Amino acid sequence: MISRFEQFSFVISGIYRYIQKIERNEMVKRGYKGAFALYLATLNRYEEGLSAVQLCEICDKDKAAVSRIIAEMEEKGLVERIKNGNKGYRAKITLTEKGKETAVYVAERALTAISSVSGELMNDEERKIFYSTLDTIYKNLQKVSKEGIPQKEQ
């Protein structure tokens, strides 16, 4: 019998793997890497731009990964750095017009994907509860990863 831990781990890992595959498949159609999708969607929500540090925090990615992807996106003309006296890592990263167009494409494809996989499985209230539960699990896992697994009381 599969344990709750195994089931949870397998399902979450599988979901993440399939999301990455879908991102890759969609972004390659535009000549980009799948990893661009998350950053485009995130930057699209922040018209004033984000620093690399903020992008790391929001996307829960490490500095090296964000720096590499941002540099590649800059080369492709999707983002630009607004320095305004700030150097490098503190500069605001914003979408170019090309980046905004690609971010809209990502958003549209993401909505289509979500609709096709959840379809009529959940109504709006159930979906709200589902995402709230996922968010709580995420935050609790983040806490446990920082503080360690609590000791079982005896």
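The values are calculated or read from the model by the stated rules, or taken from the named source; none is laboratory data. Worth saying up front: this structure is predicted, and the values here are computed from it rather than measured. Cβ sites come from the backbone with ideal geometry, for glycine too, and all protein chains shown count toward neighbours.
Take segment 8-39 and flag every residue that is over 12 Å from Val106 (Cβ atoms) and surrounded by fewer than 11 Cβ atoms within 10 Å (Cβ to Cβ).
Val11, Ser13, Gly14, Tyr16, Arg17, Gly31 - these are the residues of segment 8-39 that are over 12 Å from Val106 (Cβ atoms) and surrounded by fewer than 11 Cβ atoms within 10 Å (Cβ to Cβ).
Taking Ile58 as the residue in question, decide whether it is within 27 Å of Ile137 (Cβ to Cβ) and either under 17 Å from the mean Cα position of the chain (by Cα) or assigned to a strand (DSSP E or B) (or both). First the steps, then the outcome.
Working: within 27 Å of Ile137 (Cβ to Cβ): yes; either under 17 Å from the mean Cα position of the chain (by Cα) or assigned to a strand (DSSP E or B) (or both): yes.
Taking the combined requirement at face value, the residue satisfies it.
In the list Arg109, Arg81, Arg45, Arg68, which residue meets the criterion of being over 27 Å from Ile15 (Cβ atoms) and of a type outside the set (Asp, Glu)? Don't jump to the end; show me each part of the working.
On the way: Arg109 fails: over 27 Å from Ile15 (Cβ atoms); Arg45 fails: over 27 Å from Ile15 (Cβ atoms); Arg68 fails: over 27 Å from Ile15 (Cβ atoms).
Exactly one residue qualifies, and that residue is Arg81.
Ser132: under 20 Å from Val11 (Cα atoms) and out of contact with any helix residue (DSSP H, G or I) (no Cβ under 8 Å at 6 or more places or on another chain), yes or no? Steps first, please.
Values: under 20 Å from Val11 (Cα atoms): yes; out of contact with any helix residue (DSSP H, G or I) (no Cβ under 8 Å at 6 or more places or on another chain): yes.
When the stated conditions are applied, Ser132 passes them.
Specify the residue that is nearest to the chain's Cα centre (by Cα); the eligible residues are those in segment 109-129 that are under 28 Å from Glu47 (Cα atoms) and either in contact (Cβ under 8 Å) with a residue 12 or more places away in the chain or surrounded by 11 or more Cβ atoms within 10 Å (Cβ to Cβ) (or both).
The selected residue is Ala110.
Checking the structure you have, find out if any residue of segment 75-96 is in a helix (DSSP H, G or I), modelled with pLDDT of 95 or more, closer than 14 Å to Asn44 by Cβ and not basic (Lys, Arg). Talk me through it step by step, then tell me what you get.
Applying the first criterion (in a helix (DSSP H, G or I)) to segment 75-96 yields 75, 88-90.
From the residues that got through so far, the ones that are modelled with pLDDT of 95 or more too are 75.
If we keep only those that are closer than 14 Å to Asn44 by Cβ too, we end up with none.
So far as segment 75-96 goes, no, none of its residues is in a helix (DSSP H, G or I), modelled with pLDDT of 95 or more, closer than 14 Å to Asn44 by Cβ and not basic (Lys, Arg).
Mind telling me which of the residues Ile2, Ile22 ends up being outside any strand (DSSP E or B), modelled with pLDDT under 95 and closer than 18 Å to Ile114 by Cβ?
Numbers: Ile2 fails: closer than 18 Å to Ile114 by Cβ.
Selected residue: Ile22, the only one of Ile2, Ile22 that is outside any strand (DSSP E or B), modelled with pLDDT under 95 and closer than 18 Å to Ile114 by Cβ.
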